[in-house]
Amino acid sequence: MEAYRKLLLLLVLLLGRASTSVLDNRIDQFELDNSSENSCNLPDTLLQEIKTYQPIVNKIISGIVDGQFAGKTWESLSQLVDTFGARLAGSEQLEKAIDYVLDRMKEDQLENVHTENATVPHWVRGYESAQLVTPFKKNLPLLGLGTSVGTPRGGIIADVLAVESFKEFESITPDQVKGKIVVFVPQWESYGKTVVYRSKGASVASKKGAVATLIRSVTPFSIGSPHTGGQNYEEGVKKIPSACITVEDAEMILRKYRRGDQMTIHLEMEDRNLEPFVSRNTIAELVGTKYTNSSVVIVSGHLDSWDVGVGAMDDGGGALISWKALTFLKAMGLRPKRTIRAILWTGEEEGLWGGRAYKDAHKTNEKEEFNFFFESDIGTFEPRGLDFSGNNDAGCIFREIVKLMSSLNATDFETPTDGGPDISHWTSRGFPGASLMNKNEKYFWFHHSAGDSMAVEDPKNLDKCAALWAAAAYVVADLSVSIPKDVID
Ligand SMILES: *[C@@H]1O[C@H](CO)[C@@H](O)[C@H](O)[C@H]1NC(C)=O
Ligand SMILES: [Zn+2]
């Protein structure tokens with residue numbers, strides 16, 4: 001989830017409002033009164049139709065939460081992560097996990113089970129160590145950031161310069177920075193606001209001659225654990241090593257620096273970037289009764305993860321509920337009019353590569369092919385509802401669908417979405433989509449760290465998320481109308 005995506009979405013929504021509403025008229029067109037843009041004037045027939053789904057929604061939810069499928073999602077997720085561990089883009093473990101999921105999807109009797117290629121970066125973490133050597137010795141647990149280069153063999157020993165913000169760093173001259181290890185210690189505001197230090201810290205510091213950057217982990221809470229994540233070098237800057245250190249160490253370094261304590265750090269990193277690698281998006285369907293390859297409803301999460309922890313939370317949970325939503329609907333004998341397609345993205349963590357490859361491969365006919373995009377990538381804790389992105393008409397319809405989720409106590413509707421990085425390839429251009437809102441207040445405690453394990457995932461909550469996913473996807477896929485969209489080309 002990146003902050004700029006939210007801005008982009010807002011922009012798209014504003015543009016979307018300015019343009020006239022273009023209903024997707026391929027399927028069963030209906031008329032809407034658009035005279036007042038921000039209110040809902042759904043035809044009564046449509047409102048009534050949505051209400052008729054209440055019994056089937058209740059049946060889907062009770063089957064998954066209390067019935068024969070209870071506990072199955074957690075069980076499948078634990079088998080996946082216990083068998084393969086972390087699934088970094090470019091790794092053998094990710095590719096083995098993809099093959100395993102394909103086999104299990106076939107066993108679940110899902111349809112059109114296949115993969116589609118996606119080229120992903122291939123960054124590998126090598127030996128990493130950081131130690132405060134002056135004024136006393138202290139090991140500094142660290143995690144190099146995706147795409148970071150390593151240090152020369154034997155590492156570097158350099159003086160420390162610590163700042164709290166980019167703004168503070170602006171006032172420091174290149175003379176003062178040259179040859180130093182720059183430590184950025186931003187206070188946590190929100191992930192969206194704080195992550196810029198992780199993604200850009202190395203470029204900002206390198207421009208003034210720093211030899212490496214260490215960044216306070218992007219988390220509101222810490223028990224001495226570093227959190228990894230992606231970073232980007234700006235075009236033309238000298239690539240310097242970049243890693244996150246713990247909140248505790250970062251704050252200590254900043255305090256000491258402000259007191260005038262001279263510090264040196266020995267940093268050694270063998271991280272490196274290899275040739276890009278051809279990975280795969282993992283895909284399965286529940287083929288629609290009326291429409292097969294048009295007006296498809298996508299449910300998705302990413303199968304890749306960072307290489308620390310096992311990616312149970314980010315994004316094993318989202319991937320599993322997307323896969324199992326189809327499995328459970330199929331087993332219940334429920335087949336909607338439109339195809340529901342589960343996509344388990346690859347290479348999300350390094351920059352949404354799986355989604356990008358899929359968008360490019362399906363570009364020609366995309367307006368006809370896609371009706372709606374779901375993505376879960378901000379936790380599968382207890383569900384609260386769905387946040388939505390799309391035009392006003394679509395939002396009006398979707399708001400009614402979310403109201404059906406009362407037996408899960410998950411009827412919150414918000415717009416625009418605050419999640420859904422992979423589907424932003426479409427939602428940022430006006431396709432309608434939704435992301436799973438859940439009680440994820442602790443999500444960033446575990447995010448991209450060794451703490452991302454099955455211990456974070458609760459079987460009951462995973463059932464509820466899977467139930468919400470299956471029920472919402474079913475209704476969207478079965479409605480007599482497709483969801484309106486204003487697509488910007
Ligand atoms: C997918 O990638 C593999 C490995 O690079 C290649 O052998 C195969 O031909 C590719 N498939 C398609 C459809 O491009
Ligand atoms: Zn994720």
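Nothing in this text is a laboratory measurement; each read-out follows from the coordinates by a stated rule. Everything numeric here is computed off the predicted structure, so don't read it as measured data. Heads up, the Cβs are rebuilt from the backbone with ideal geometry, glycines too, and the neighbour counts pull from every protein chain shown.
What to note about this one:
- Glu369, Glu268, Glu275, Glu348 arranged by Cβ crowding within 10 Å, fewest neighbours leading: Glu275, Glu369, Glu268, Glu348
- Total lysine pairs whose alpha carbons fall under 28 Å of each other in region 331-489 (8 or more apart, or interchain): 20
- Order of Met313, Met437 - criterion: other Cβ atoms within 10 Å of each residue's Cβ, fewest first: Met437, Met313
- Taking amide H atoms as placed 1.01 Å from N in the peptide plane, the amide H of Arg280 lies under 5 Å from those of Ala118, each 5 or more residues away in sequence or on another chain.
- A helix-only calculation puts the chain at -10500 deg cm²/dmol for mean residue ellipticity at 222 nm, using -39500 (n - 2.57) for each DSSP H run of at least four residues, averaged over all residues.
- Of the trypsin sites (Lys or Arg not before Pro) in region 137-198, those whose Cβ has at most 14 other Cβ within 10 Å and which sit in DSSP loop: Lys137, Arg153, Lys178
- What you get for region 264-312, charging only the Cβ of Lys and Arg (+1) and of Asp and Glu (-1), is a dipole of about 480 debye around the Cα centre.
- Packing-based exposure ordering (other Cβ within 10 Å, fewest first) of Ser482, Ser322, Ser428: Ser428, Ser482, Ser322
- Check: the chain dipole with +1 on Lys, Arg Cβ and -1 on Asp, Glu Cβ, in debye: 840 debye
- All Cα pairs of region 126-270, percent lying beyond 21 Å: 33 percent
- Rule-of-thumb Rg ratio for region 371-489 [Cα; 2.2 N^0.38 Å; N residues]: 1.07
- Among Ser305, Leu143, Asn391 - extreme Cα towards positive end, dipole of the chain, charges at beta-carbon: Leu143
- By the Cα gyration tensor, the chain has an equivalent ellipsoid whose semi-axes, rounded to whole angstrom, run 43, 24, 20 from largest to smallest.
- Dipole-positive endmost among Leu408, Ser222, Ile156 within the chain (Cβ charges, Cα centre): Ile156
- Helix 72-84 axis, angle to the chain major axis (alpha carbon atoms, nearest 10°): 40 degrees
- Cα-based Rg / Dmax (Å) for region 253-347: 22.5, 72
- Nearest 10 degrees, 0 to 90: helix 54-65 Cα axis against the chain principal axis: 40 degrees
- The chain: angle of helix 92-107 to the longest principal axis, Cα-based, in degrees nearest 10: 10 degrees
- Only one residue of Ser428, Asn371, Gln54 has its Cα farthest out toward the positive end of the dipole of the chain, where Lys and Arg carry +1 and Asp and Glu -1 on Cβ, and that residue is Ser428.
- Database note for the chain: Cys without another Cys beta carbon under 4.7 angstrom, Cys244, Cys465.
- This model, with +1 at the C-beta of Lys and Arg and -1 at the C-beta of Asp and Glu, gives region 126-270 a dipole about its Cα centre of some 180 debye.
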